[in-house]
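These notes concern the structure reproduced below.
The values are calculated or read from the model by the stated rules, or taken from the named source; none is laboratory data. From a predicted model like this one, the values you see are computed outputs, not experimental measurements. Every residue, glycine among them, receives a Cβ derived from its backbone with ideal geometry; neighbour counts consider all protein chains shown. We work out accessible area using only protein heavy atoms, side chains counted, and drop any ligands, DNA or RNA first. Shrake-Rupley method; radii C 1.70, N 1.55, O 1.52, S 1.80 Å.
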Amino acid sequence: MSTPDNDVLLRVDNLVKYFPVKSSGYFQKREYVHAVDGVSLSVRRGETFGIVGETGSGKSTLGRSIARLYDITAGSITFDGEEISRHSQRRMRPLRRQIQMIFQDPMGSLNPRRRVGSIIGDPFAIHGLATGAERKRRVQDLMERVGLNPEHFNPIPAECTGGQRQRSGVARALAFQPKLIICDEPVSALDVSIQAQVINLLADLQAEFGLTYIFIAHDLSVVRHVSNNVAVMYLGQLTEIAPADDLFTVARHPYTGALLSAVPLPDPDQSERREQIILVGDVPSPIAPPSGCRFHPRCPKAAPVCVSTVPVLEPKLGDRPVHVAACHLPMAQGENLADFHPTIAAAQRVIEGGGLLSGDEAEVSTVAAEALATAPDAAQSEGRRQ
Amino acid sequence: MSSSPEVRGRHAGKPAVTSGSAAGTATMELPPAAKKIEGRSPWRLALERLRKDRAAKVAAGTITVIVLCALLAPLIASWIGHGPNQQFIDTGLDAEGNPLAPSGTFFFGTDSNGRDLFIRVLYGARISLVVGVLATLISVALGTFFGLVAGYLGGVVDSLIARLIDVVLSIPFLVIAISIAYISHPGFWLVVFVVGVLAFTYPARIVRGQVISLKEKEYVEAARALGAGPMRIMFIDLLPNVVAQVIVYGSLLIPLAIVSEASLSFLGVGIPPPTADWGAMINDASGYYQAGFWWYLLFPALALLITTLAFNILGDSVRDAMDPRGAGIYE
Amino acid sequence: MTRFLIRRIGQAILVLFAASIAVFLLFFVGPGPNQVARTFAGRLGTPQRILEIKHALHLDQPLYLQYLHWVGNLLQGNLGFDYYKGQSVNTVVGQALPATVSLVIGAAILWIAYGVFSGVVSAVRSRSLLDRGFTTAALFFYSMPTFVLGYTLIFIFAYELYRVTKFFPFSSYVPLTTDPWQWFVHLILPWLTLAMVTAAAYTRLTRTSMLDVLGEDYIRTARSKGMSERRVIRVHGLRAALTPVVTLAGLDIGTALGGVIITEQVFGIPGLGWTIVQAIGQQDLPIIMGIAILAATFVVVANVIVDIMYAVLDPRVRLH
């Protein structure tokens, strides 16, 4: 918003999306799932911007909020110089041609009762553009572009293979040569052999039409392969944003480090030398997220400051300005996470929503804390104490 | 009134039975088998199952015969030479003016006006079928519309439609029906309208439940991402996915509509005389049959019973065929 | 729970309010005030009398006042005055109600008993000859129009068999207070008719619901613990399976109390249903309106009772 940058296609500032939790009565305090909680990022024209995170991190909600499938709770979205975060669905309509989505489950995102050709023709029908023979010609044109047989017009989705279905989804998104395509885990429901095909197709189309992608995935290796920049998301917030190569060589945030340690390496020697970090516990509830750094209950490096202070996304340890991480104790290059133990009490590690305990209790030794936190029974009794 | 499935699907009258399974089937629009075996649509699978169902075949055959009777009634009448409302004062009544028993001239005997019961029963099939089908079309159309709108839009619209359904269900069907018939003048279209409109509650509830589970699907989100408005999503994207359920329940509404029509005519507020109608004929017969004129009651009653039975058997089979989980998986 | 009760009763009041508006529109506004006054006056209405009635019913006032007047009376338990018979609607309804209650309660006992029994047997002995028999019978009676069954029973028992048994009377009704035995004998055939037609739904509902429950994991667990089959069904199966049946029964009884029009008509039982049909023949508007509102009240109250019972049995319901 501050400096108009022609290179930036999409700018998201402090985006917040809460979902109300079904409450049991009128007088009870309403609770919210903090699905996306203050996310800022910008996507440049022609790049692929990857977003990675675990299930429940809010990455899909972020994608859908940017596409304005949801009304957002707060924040702003600037697309191609236009602030769209408060647009009504009606006002969004013309913009829908510019922002498209490709969904995870090609079976679920194609209407099972309609013919593939008619589904791909939907954008034309919805925006009242091409009709009759003209529409069919354009649909067949699209089908050819994405590598579908243009004569394969009539089957219903159930009669197609997984690859054909996802190609149909891509064709539909491509109808108006949109400026931005949000790919929400476009390949994670596909067989590995087909994943590569679809990813190559997306890359070819990007080169051909100068498309910009937001590529959401939980699989780091896929994201690394396709993205120019990558954002890591945890519990509704971004923990680290960096050019893909930087991120994969020097991850600053321990969460990124933990994710990376799970990626299989092509070199077996290297693979053996590396220790895999197993994160402790489950992702905390997004209804009452932890205080401070949201990752602190599971972080091997967690210190009292992580509980009390929310970290800011900024360059760490002399990184370039494009590489930012939200961490009080960023990792140095070559640092091994497995060497660290949190310096906060076990009680704080599993607690949710800022219910801090007194200093005395925080003195518990870290070894005991580790044991407590991993034992399922302990976690349960912690829960009861609240 | 309540959102529990059992309460939602209930009614004092008949189709309540199906409610239990309705809640269960709502989430499944494709049998899992259809995903694996490509090229076999659920429709075709259902048809194959129906073909193996003997009861369904007998019921379908019976319905075909009834439809033929209704279609050919004028032909048969002119061939025999007896009109449906023609009174045979001399040949159709005995010396004391009472109905005649079945004979070679009058296959089903005559009624108290000396009319040919056989021909009248044939003509009665026309009213029953036409009212049954037209009323069902009305209730299915209305119910699908309200169900789609309530389920997709949710919120206030949903609550309003739910209360509307509650109100319609709160006053017993026959009370509303005879009241309406009393205020305006009874006639064919009024009966179609009353029976059709009042039965919209069943398809409305079923479609609403379906839509609520379907609207979470990604293809609905995909349509919104393309810029489709609520109308297009409801009628182009969701409608084709509820049609199967609607057809199943629609087929069970036909016998209900036929009985409703016959009941109204039986109470004298349905199809006005002298039109041949089974319900009205049974009412006419009620003053006679106990005095030995059994045929007067038997034939219209049998015709009505066979018709509703055939439609119910076929409807049940169609439902079982579309949702095979209902049968025999517990052993 | 209190919150649930308040919300539920609030909804019920809303529905009754809407139903009262529907009845009001149907009978008052539809025909127009002059027509209403003429109808209320009955066939003997002189212009003078029509004017009087018009005034008494506030028909010369704006619509909302007319409605308030009518509903005000209803809230005080006054269903109106029947100009045709020259007595209050409450009296007419009071005379008709015992017959309907006798019919409904007796029939309800029969249909619930038979429906649950046949449904449970069908589910437990699924696919057996008995199951087929009960299921076929259910489909048969489910398709059977009430008046066809009623006349058939009358024909067989009251006429053909009467010569032999001299037992079943043809029809009509004897109040319980007049002669309990005759009351009972006269109601046997109506009870059977109403029960058979209604029970079909119960057989099918019990069967489906029982089969669903018997497929649950906790039933399998009970069996694997070595619990006897009889105990599994009695202790675990029935309780869960009968909840929807209880719901249906509550609603059916509520609806039926508003008048069992066809059964009462066939057997000449002077209950609410019979009375409303007579009233329609006599163009006796106050009676029709009174019974319509009363019937709606029964249904709505039954609904509330059923929902409350449900919420007590199954706490999940309260959340919705």
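Every residue, every condition in (1) touching a Phe, Trp or Tyr at 6+ places or on another chain (Cβ under 6 Å); (2) under 28 Å from residue C:271 (Cβ atoms), yes or no:
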| position | (1), (2) |
| --- | --- |
| C:172 | no, yes |
| C:179 | no, yes |
| C:183 | no, yes |
| C:190 | yes, yes |
| C:194 | no, yes |
| C:200 | yes, yes |
| C:210 | no, no |
| C:213 | no, no |
- [ ] All but one of (1) within 30 Å of residue C:307 (Cα to Cα); (2) without any contact (Cβ under 8 Å) to a residue 60 or more places away in the chain; (3) within 14 Å of another protein chain (Cβ to nearest Cβ); (4) open to solvent by 20 Å² or more (accessible area, probe 1.4 Å) hold for residue B:145, so report the exception by its number.
- [x] (3)
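Which residues, counting only those in region A:73-85, are open to solvent by 20 Å² or more (accessible area, probe 1.4 Å) and not acidic (Asp, Glu)? I'd like the intermediate steps shown before the answer.
First pass over region A:73-85, keeping only residues open to solvent by 20 Å² or more (accessible area, probe 1.4 Å): A:73-75, A:78, A:80-83.
Once the filter is applied, which keeps residues that are open to solvent by 20 Å² or more (accessible area, probe 1.4 Å) and not acidic (Asp, Glu), region A:73-85 yields A:73, A:74, A:75, A:78, A:81.
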- [ ] Give the residue that is nearest to the other protein chains (Cβ to nearest Cβ), with candidates limited to residues of region B:252-269 that are out of contact with any Phe, Trp or Tyr (no Cβ under 9 Å at 6 or more places or on another chain) and of a type in the set (Gly, Ala, Ser).
- [x] B:268
TODO: Specify which of the listed residues (A:166, A:195) is outside any loop (DSSP other than H, G, I, E, B) and open to solvent by 20 Å² or more (accessible area, probe 1.4 Å).
DONE: A:195
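Mind listing just one residue for me: the one in region B:109-126 that is at pLDDT below 80 and in a loop (DSSP other than H, G, I, E, B) and, of those, most open to solvent (accessible area, probe 1.4 Å)? Full working, then the answer.
Just the residues of region B:109-126 that are at pLDDT below 80, to begin with: B:109-114.
Still in the running and in a loop (DSSP other than H, G, I, E, B): B:109, B:111-114.
Details: B:109: 0, B:111: 3, B:112: 30, B:113: 62, B:114: 0 Å².
Checked region B:109-126; the qualifying residue most open to solvent (accessible area, probe 1.4 Å) is B:113.
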TODO: Test residue C:292 against the criterion of being facing another protein chain (nearest Cβ under 8 Å) and at pLDDT 85 or above, and give yes or no.
DONE: yes
Open item on the list: Residues that are within 23 Å of residue C:105 (Cβ to Cβ), modelled with pLDDT of 80 or more and within 14 Å of chain B (Cβ to nearest Cβ), at least 1 per element: which helices (runs of 4 or more DSSP H) completely within region C:129-194 meet that?
Closed with: C:129-143, C:146-153
- [ ] Please specify each residue of region A:42-97 satisfying the condition of being of a type in the set (Gly, Ala, Ser) and within 14 Å of chain B (Cβ to nearest Cβ).
- [x] A:60, A:63, A:65, A:67, A:88
- [ ] Of all residues in region A:105-119, count the ones that are in contact (Cβ under 8 Å) with a residue 12 or more places away in the chain, more than 7 Å from every other protein chain (Cβ to nearest Cβ) and under 12 Å from residue A:155 (Cα atoms).
- [x] 4
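What do you reckon, is residue B:156 surrounded by fewer than 21 Cβ atoms within 10 Å (Cβ to Cβ), more than 24 Å from residue B:195 (Cβ to Cβ) and within 14 Å of chain C (Cβ to nearest Cβ)?
Yes: the conditions hold for residue B:156.
Out of C:246, C:277, C:300, C:235, I need the residue that is at negative phi, open to solvent by 30 Å² or more (accessible area, probe 1.4 Å) and either in contact with a Leu (Cβ under 8 Å, 6 or more places away or on another chain) or within 10 Å of chain B (Cβ to nearest Cβ) (or both). Which one? Steps first, answer last, please.
Numbers: C:277 fails: open to solvent by 30 Å² or more (accessible area, probe 1.4 Å); C:300 fails: open to solvent by 30 Å² or more (accessible area, probe 1.4 Å); C:235 fails: either in contact with a Leu (Cβ under 8 Å, 6 or more places away or on another chain) or within 10 Å of chain B (Cβ to nearest Cβ) (or both).
Only one candidate qualifies: C:246.
Are any of the residues in region B:294-311 under 26 Å from residue B:53 (Cβ atoms), assigned to a loop (DSSP other than H, G, I, E, B) and in contact (Cβ under 8 Å) with a residue 60 or more places away in the chain?
No, region B:294-311 contains no residue that is under 26 Å from residue B:53 (Cβ atoms), assigned to a loop (DSSP other than H, G, I, E, B) and in contact (Cβ under 8 Å) with a residue 60 or more places away in the chain.
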TODO: Select the helices (runs of 4 or more DSSP H) contained entirely in region B:176-251, then report the ones holding at least 1 residues which are under 30 Å from residue C:278 (Cα atoms) and either within 14 Å of chain A (Cβ to nearest Cβ) or in contact with a Gly (Cβ under 6 Å, 6 or more places away or on another chain) (or both).
DONE: B:188-198
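When only residues in region C:215-228 that are within 14 Å of chain B (Cβ to nearest Cβ) and either open to solvent by 60 Å² or more (accessible area, probe 1.4 Å) or at pLDDT below 75 (or both) count, which is farthest from residue C:125 (Cα to Cα)?
Across region C:215-228, the extreme among qualifying residues is C:217.
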